[in-house]
Every structure is written in C-alpha cells, then in structure tokens.
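Beneath this line is the structure, given in structure tokens, with notes to follow.
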Amino acid sequence: KGIERELICPACKELFTHPLILPCQHNVCHKCVKEILFAFEDSFADGGSESSNPSSPRIKISSSSMDRIDRINRSASQRRSFGWRGRKRNSLTPRSSLFPCPGCQRDIDLGERGINGLFRNFTLETIVERYRQAARAAIAIMCDFCKPPPQESTKSCMDCSASYCNECFKIHHPWGTVKAQHEYVGPTTNFRPKILMCPEHEMERVNMYCEICRRPVCHLCKLGGCHANHRVTTMSTAYKTLKEKLSKDIEYLISKESQVKAHITQLDLLLKETECNSERAKEEASHSFDKLYHVLEEKKSAALRAIEASKNLRLEKLQMQAEEYQGLLENNGLVGYAQEVLKETDPSCFVQTAKQLHVRIQKATESLKSFRPAAETTFEDFVVDIAKQEEILGDLSFHSNGLEIPEINEEQSRMYNKALISWECPGKTDSADTYVLEYHKLNRGEESATWQEIEVCSKNKVISDLDDDSSYAFRVRGYKGSICSPWSREVILRTPPAPVFSFLFDDKCGYNSEHLLLNPRRTSVESRAGFPLLLGSERMQVGCYTTLDYIIGDTGIAKGKHFWAFQVEAYSYLVKVGVVSSNKIQKLFHNTHDVTSPRYEQDSGHDSGSEDAFFDSSQPFTLVTLGMKKFFIPTTPAAPKDPASRILPLPSCLGICLDCDKGKVGFYDAGRMKCLYECEVDCSGIMYPAFALMGGAAVHLEEAVTAKYGEYHDDI
C-alpha cells in the first residue's frame, strides 16, 4: 500500500492511465498531457479570455503551472507574429513543443514530434494494474464473450486484448489453430504490446540504449536518425547494468532503516534542546536590557524578536530535516515500487522505467552517508554587549562574528527605466551569505510606510514597476546563517519624471559622417574636426564660430510625457542638446555655417556673449548649451540677469523631459532628478531629440537598466 504515491499522476492526482515518459524522466497520463497543452493553446487562441477554461474538470492545475502556461503562450504568440504557423486547432494532437511538466515545474521541449515522440511506460502501467487488482481483490473481472449473465474470467489473452472464462477460451482458441499459440495470463484489464516499438520508426522495435539521450532506440535511429553519432549499448547490457545498480541501492536502503530511526530520535532531542536554549537566550537578553531600560526599551523588543526569528528559523530547518528523514522511513513505498520494477523481465520496458527510479534511489542513498544537523542549537551569538557608552547605544546589536553592515553604493546605483541598487561591505571580513533589500515610497503626510522586502544572493538588485516622479528609500542588511547585520544607512533615490524614452542616434537624416563618428550600436557620437576644418582655419585671421554638426534621434514623439538621459564627456568644448520639430528639421540642417566654404563670412567683431544670445533666439528648435564642464541657462526674461548665475556645474548625467501635451521641455540633473531649466516648446509636429557638437566633444546615451541574469531587454 505504501507505493500508492508512486503511482499517482502529478497532473490529475489519480492513478496513472497510459502514462508517457517525458524527457525529464517524469511520468504523466497521456490524456493529461494533451489537456494541458490544449489548455494554453486555447488560452492564446482566445486572447487569454476566461473561455480558455484553465481548470479542466480532470486536471488540477496550480497557479504556478498557469504562470508557466502564460509564459509559453507569450512565446507561442511571438512565434506566430513572425509568421510561424502550426497545425489547425481542430487537430487531435496539440501543436506546441513546450510542455510545463507538473512534476519538476520546468518547461520541457518535446521536440518536433511532440507527444508522438514520447514513450509509453508499459512497466508503470503493469504495476498500476497490479495495484488496482490488489485493491479490488473482491471484484472479479468478467468474461467478455459470455452471454448474460457473464461468468467470472479465468484468463486474459494478451494477443486478443480480452478476458475469457474457461469455456469461452476453448471456443475462441481451439487446438490446432493459430490462436492456440496466443499468450495468455491471469485475469487483467491491462493489455500492453508484446514488443516496445520505436516512436520515430513505428515499424521497428527498440533494441539499443542511447547513453547520450538515455532512452531506448532502434537500429534506424542509430544508422541515420538523430542518434547516428551517439554512443549506444545493447539493450541486454543496459538492462543488466541498471538492474544491478538498482538492486544494490535498494538493499542498502533496507539495511539502513535502523540508522534512519536513530537520526529521527536525535533530531527530536535537538528540537527540544533548541527550544530550551532559545528560552534561556531570551531571558539573558531581557536581563541585559533591563539594566538600561530607560534608554533601550525599543532595542529590547527588537532583540526578542530577533531571537524568536532565529529560533523559528532553526526549528523550521530542523523540522524539515526531521521530515526528510521521516520520509526515508516512508521510502518503504519507494522501495516497494522499486521491487515491483525489478520484476519486469522485458529489458526495454525495464530500462525506460528504471533510469529515473535509480536517480531517486541514489538521492536517498546519498542522504544517509553523511548526517549533520541543519541548524545550531546554541544561541551564543545573541549576547548583548552592555559595556558600551550610552551615546553609541543606537548601534547596539548581537555579536555577529564579524558580519559588517553593508553600505549602498550611490555611485553605482542607478534610477532610470528601472532601479539598480548596488551595495558593498567596507571591511575585509567574511561577507554575508544572503542579503535582504527593503524599499518604500516616500509619501508626504504618511508617518509610517510599509517596507517591501526582497531576498538577494548577490550584491546588486534590479527593481521594476516603480512609480514615475517619486522618491524611494532603500536599505539593506546581510545574513550569515541565522545571524543578521544591522540595517545600512537609508539611501533616497528619485525616479525619472516620466517614462523612459528609448532611441538611437539617426545615421541617415542630416548625419555628417565627415565630422561625426558613431559607434556601431549608435549609442555614442563623437565630433572630429578633421582635415577640411584644418584647411578652413587657414583663412581665419580673427575669432569666429566654427561648424555646429547636428544629429537627431531615430524615433520621434507625437504625444505624452517622456524622459531620456545621456552623458557629455568632460573634455567637450561645445555641445547643444534639446528637441526639434519634424517640420523644422530641414531648416535645422541647412542653417549651419561652414568654415571650409570660400563664401564664409568671418566673425562680425561683436561681443561673443551677445552673438550667443542672438544665436540661441534665432534657431528653429529648443536647445541649451553645454561645454567646458558647465551648463549654461539660456537668456530669457525669467533668467537671472547676472551672467554668473546662469552658469552651473555640468552634471555627470543629464536628462531631458518632454511633455507634448503641455508644450514644455525640462533639462535635468539625471543623477539627482533635479530640474535645472524648463521652458515652453512648440509641439505641433513630431518631436525628435536633437544634439549639436562643435570641436572636440562626445555624447553617450544612457543605457537602459536590465537584470544581469537573463532578463529580456524589452526597452529598446
């Protein structure tokens, strides 16, 4: 009876019916596989509506499984959007090659043949049938050919796939005929083929075992199929090898039953000892804090919570370990199942079933070879230091064996399309195993905010879905086992004032390749004066303006509010940044002077400051001037009259916020998200980001923040 849980389908939670072996070696009912695949095919075919009916009356799909189905739907929709066409929906076979395995919670690729390429697990079917017969021993299998009322069957014919009583068997299998040679067994309802056939070549029986793919194959698969270059062995060799390994491991598990019981007894003692020691540690901590009660009341409650959390964590780990070893006792079911598998005499059927079972037996074997409690029972690290002066009581904490407070690195942390928070440990002592990052939005009028918590294994984290034009507070602490460091200093970062607008530099519209140099990704532009400018400078006898080379973004903005950021190299002599309307782009690129032209008019001799003011006011676009590590606020009636007040230090990263609906453009210090200058702009046409460079200068577009571990970059 203990092997029943080995015979339950992970999808329908019922006994297996025609189980199929997935590439991950888990078994699922044939009907369940088709229903799960059809479920998400219907989902994206119906646009994700409720009519897709994700909860079939037969299959019990969890929310996590539905999330995986939704992910597969999106990938299938993308393939369809690029012209991928599968079979018609009314086909009896699902067209998707990806299957969310309910056993290992992973998306499994079924290959080009899909369900048709999967082996049917006949050995498992036989064991299920034997279990069913044992469970309903009082219920007889009736003869399929008797006239009513039917008699109880005495044998079943594997060739006819039918059950017979003695009389009917003699009638339908007379001596001297071909049917007399049929194979018959005791009464059963499980009729399986006598020979395991290859799913790739339906007329060929499997007679070899591929050691690379770990599955039975036929000789055609080896000669010219997908296993042509793979290492194979004979089925009898694979049968003998696997059976020997499985038998030895089963014997080992059976012999270690007393050891498992001893481990469980030891874990029960550890649980009680942990309870006692935790109570003792709480009493000691309470006594220490009582001595400084008038200053440390809040610290006292925090310490008790820390001890309680540590106790719960240790108890949980020890309890889980006890349950694992309890599961080894219950492995009698696994052993019983394995012993039933050993009764299989057909090498092909045995090999396809025994491989995955052998992995499970090996895991159970390895867990017995070394025993170590999952958590410490002592609370020596929770000793309060009461010798410190009152002025440093704010840093009072448990002894943490050198676990230092992490510090958020504000220079490496970024706020753009997403938030990238980086931190480091200042000392050289052992760093924490894991970190907990907390953040919350700063709202005026709210005295207390709810911190959102994220557990991180590295020293940086990308956070999505933050509100625009909002300030957030971040803090981090380290954990080493059950010991945690104090919280780091809170760092406040502000999100961009609008959604991030992604674009590249346009290398076609007005791009001057003689003066400007783009990188291959079109995210950086650099001005190079070149030989023509050097020749033109021969005719210069007095100061003059040289050429301004313009470049725009390759994507325009028609409506809404958008933000983009960029960096200007510190050595840049003159850079102008802003926006330009589509109906003024031609005027923009034909309005520049060229010092290499013989008709070029030299400087008028007026004061350079007045000429700059005239230049800014006469242009068909909105730009501000940067250069020589300075940010120049344009001359306007609202601007300060003192020229020195209009010159600001150049931020390390600049941002532009365009609000087409309100007709305004703002220039920001993108590091602090602080507006430096804002003005009105005519947004009657399509608006493009615009840049102008003169002399030695370079501009780099800010790259979108993406997670480092494989997250799809959908921002560009």
inquiry  = Quick check on segment 229-245: of everything there that is open to solvent by less than 50 Å² (accessible area, probe 1.4 Å) and part of a strand (DSSP E or B), which residue is nearest to Glu211 (Cα to Cα)?
reply    = Val232
request  = Answer yes if at least one residue in segment 108-116 is closer than 27 Å to Thr345 by Cα and either surrounded by 15 or more Cβ atoms within 10 Å (Cβ to Cβ) or at pLDDT below 75 (or both), and no otherwise.
outcome  = yes
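Could you please let me know if Ser581 is modelled with pLDDT under 85 and small (Gly, Ala, Ser)? Before the answer, list the steps.
Working: modelled with pLDDT under 85: no; small (Gly, Ala, Ser): yes.
No.
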ask   = If only one of Leu246, Leu267 is outside the structural domain of Cys349 (by the TED database), out of contact with any Asp or Glu (no Cβ under 9 Å at 6 or more places or on another chain) and at pLDDT 85 or above, which one is it?
value = Leu246
key: Tabulated pairs, segment 257-286, first farther than 27 Å from Ser370 by Cβ and in a helix (DSSP H, G or I), second β-branched (Val, Ile, Thr) and open to solvent by 30 Å² or more (accessible area, probe 1.4 Å), C-beta under 6 angstrom, 6+ apart or interchain   = none
query = For segment 272-279, does any single residue satisfy the condition of being at pLDDT 85 or above, touching a helix residue (DSSP H, G or I) at 6+ places or on another chain (Cβ under 7 Å) and more than 30 Å from Gln339 (Cβ to Cβ)?
reply = yes
Complete set of residues in segment 674-702 that are in a strand (DSSP E or B) and over 18 Å from Gly553 (Cβ atoms) = Lys674, Cys675, Leu676, Tyr677, Glu678, Cys679, Glu680, Met694
request  = Looking only at segment 187-195, decide whether some residue is over 20 Å from Glu344 (Cβ atoms), among the basic types (Lys, Arg), out of contact with any strand residue (DSSP E or B) (no Cβ under 9 Å at 6 or more places or on another chain) and assigned to a loop (DSSP other than H, G, I, E, B).
outcome  = no
inquiry  = Testing Ser367 on (1) within 30 Å of Thr126 (Cβ to Cβ); (2) at pLDDT below 70, one condition comes back false. Which one is that?
reply    = (2)
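Is there a residue being touching a residue at least 60 places away in the same chain (Cβ under 8 Å) and surrounded by fewer than 16 Cβ atoms within 10 Å (Cβ to Cβ) anywhere in segment 470-491?
Initially, segment 470-491 is screened for residues touching a residue at least 60 places away in the same chain (Cβ under 8 Å), giving 474-478, 480-489, 491.
Pick out the ones that are also surrounded by fewer than 16 Cβ atoms within 10 Å (Cβ to Cβ) and you get 487, 489.
Among the residues of segment 470-491, at least one is touching a residue at least 60 places away in the same chain (Cβ under 8 Å) and surrounded by fewer than 16 Cβ atoms within 10 Å (Cβ to Cβ), which makes the answer yes.
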key: Of all residues making up segment 216-228, the number that are among the aliphatic types (A, V, I, L, M) and surrounded by 14 or more Cβ atoms within 10 Å (Cβ to Cβ)   = 2
query = Taking only pairs six or more apart or across chains, which ones have beta-carbon atoms under 7 Å, a first residue in segment 24-38 that is under 22 Å from Cys349 (Cα atoms), and a second residue that is of a type in the set (Val, Ile, Thr)?
reply = Cys24/Ile108; Asn27/Ile21; Cys29/Thr17; Lys31/Thr17; Cys32/Ile59; Val33/Ile115
Neighbours by Cβ (under 8 Å, 6+ apart or cross-chain): first from segment 310-321, modelled with pLDDT under 85; second assigned to a helix (DSSP H, G or I) = Gln321/Leu267
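The values are calculated or read from the model by the stated rules, or taken from the named source; none is laboratory data. What you see is a predicted model, and the numbers here were worked out from it, not measured in a lab. Methodologically, a virtual Cβ is constructed for each residue, glycine included, from the backbone with ideal geometry; neighbour enumeration extends over all protein chains shown. Heavy atoms of the whole protein, side chains included, go into the accessibility calculation; ligands, DNA and RNA do not. Shrake-Rupley method; radii C 1.70, N 1.55, O 1.52, S 1.80 Å.
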